[in-house]
Structure formats: structure tokens, C-alpha cells
Amino acid sequence: MSASLLVEAQTISKNVEKGVVNSWEIGTDLLWLIDKNQVPANLFVRSNFANKKNKLRAWRLRLGLNMSYRDSITINRPFDNELNNISIFARVGYEWQHKVEEKVLLYYGADVGFSYSGIYEKRILTLLPPPGRLYQETFTTYQPSFIGFIGCRYDPKPWISFSLEASLQIAYRIRRNPFKTTSIDFPDDEGAHGFYNAEELIINLLPITYLNISFNINKK
């Protein structure tokens, strides 16, 4: 009788644990609210699950996108000044999780990331003497990265979670920056031109990388 009750209790415990951890989280980083964000505004998705050994694990994905386009027209002649900016950010990773108590969980793991940013500027330097001079510049940055992280998650309610995360980031940044000055009437000419190219290895230790808020789906 006692053995039967013990087996039943263990089965219930395992089912409850699986019901708790098999869930999706959808959220975002809150650090931008205090202007302390380390990455562009982003969407965060985490899939929590128990593996075959009933250990807590998670897959995670973070995506960010910023775009801005600015055109202005001079009052003298109908030529546009332009400043266009796009930033794309993506990270995918894996977590090992350990429950400290019912609502608190510690986790660690690694992300593989890639970011791209591109800035295009077209600016009228002068309209005199006619036809005037035009400046054009393109600034692009490519950055693959590897990130090791450690964090703590708090679940005040079954449907909401907060997590604070620190990380060690290793990235390789590639910059390309061609520019030229031409006549306004012939913007596609080669003109007076030049470029700045740079490549660098970056290692950053970030004590606070993210402060996430996420909403949980299918969490029992």
C-alpha cells in the first residue's frame, strides 16, 4: 500500500513538473525604458521543456529591428537630403535551468548571434556656385558573435516572468565605409571619393545585459 502511494506521488510530481516547465515565453527587454539597453529593441521567445531525464532546459530566440528614413527638401532648389538607417539583430541559444524554489529559477547557456547595421547619408554641401556639391556616404557593420550568459528568472504569477541576465560576449566586427563628393547634377559619378574599412575582435563582459519581461503560454 505504501509503495503504491509512493509511486503515485512520484508520478504526480513528474506530471506537475512537466506541466510547469513545458511552456512558451514571449517578451522583450526593459532596459530601453531607462536608456541602458545593450542591443536594439527586440522580441524574445523562450521554449521551456523537460528533457528525457526530466532536467529543465530551454531554447531561446531574440530578434530586433530598427529602421528610420529621413528626407528633407531645401528651400532653394528641390533636392533631397537623406539619412536612412536600418539595424537587424538576431540571437539563438540554449539554456540549462535549475529551480531554486517554486518561483525562482537560475539558468545559464550560450547564444550565437549576428547583427547588421547600415546607414546611408546624402547631404547637400552647397548650392553655390551652380550646380553645387553633394556628399554621399554608406556605413555598414556586420557582427557575428558568441555569447555565454547566466541569469535568474522570477515567476510572480504563472502567466508572467521577469529575468535578469549577465553575459560574456565575443564578437568580430566588420566595418565598411565608402564616401564621395560629386556634383548635384551627376550624383552617380565617381567624384572625389574614399573609404574606411576596419575589422576588430571585441570581448565584453556585461553585468546587466537584459532585464526581460515575458508572458507565458500553456503554463499550468
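Read-outs: derived from the displayed coordinates by stated rules, not from any lab. Every value quoted in this text rests on a predicted model; they were computed, and no experiment measured them. Don't worry about glycine lacking a Cβ; one is built from the backbone with ideal geometry, like all the others, and counts go over all protein chains shown.
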Cβ-Cβ FRET estimate between LYS55 and ASN218, R0 fixed at 25 Å, reported to 0.05: 0.80
Report, to the nearest 10°, how far helix 2-21 tilts away from the longest principal axis of the Cα atoms in the chain, using its own Cα long axis and a range of 0 to 90°. 10 degrees
Can you give the extra length, in nm with one decimal, that the chain gains between GLU199 and ASN81 once fully stretched, where that is 0.36 nm per residue apart less the Cα-Cα distance? 39.5 nm
Using a Förster distance of 22 Å, how high is the FRET efficiency between TRP24 and LEU168, based on the Cβ-Cβ distance and rounded to 0.05? 0.20
If contacts are Cα pairs under 8 angstrom and at least 6 residues apart, what is the relative contact order of the chain in percent? 18 percent
Could you tell me the center-to-center distance, by alpha carbons, between segment 160-220 and segment 87-142 in angstrom? 3 Å
Using 26 Å as the Cα-Cα cut-off, could you pick out the over-long pairs in LYS52/LYS103; LYS36/LYS122; LYS36/LYS180? LYS36/LYS122; LYS36/LYS180
Test item: Cα-centred dipole of the chain, Lys/Arg +1 and Asp/Glu -1 on Cβ, debye: 1000 debye
Taking R0 as 30 Å, what FRET efficiency do you get between GLU190 and ASN66 from their Cβ-Cβ distance, rounded to the nearest 0.05? 0.40
For the chain, how big is Rg over Rh, using alpha carbon atoms and the Kirkwood form of Rh? 1.21
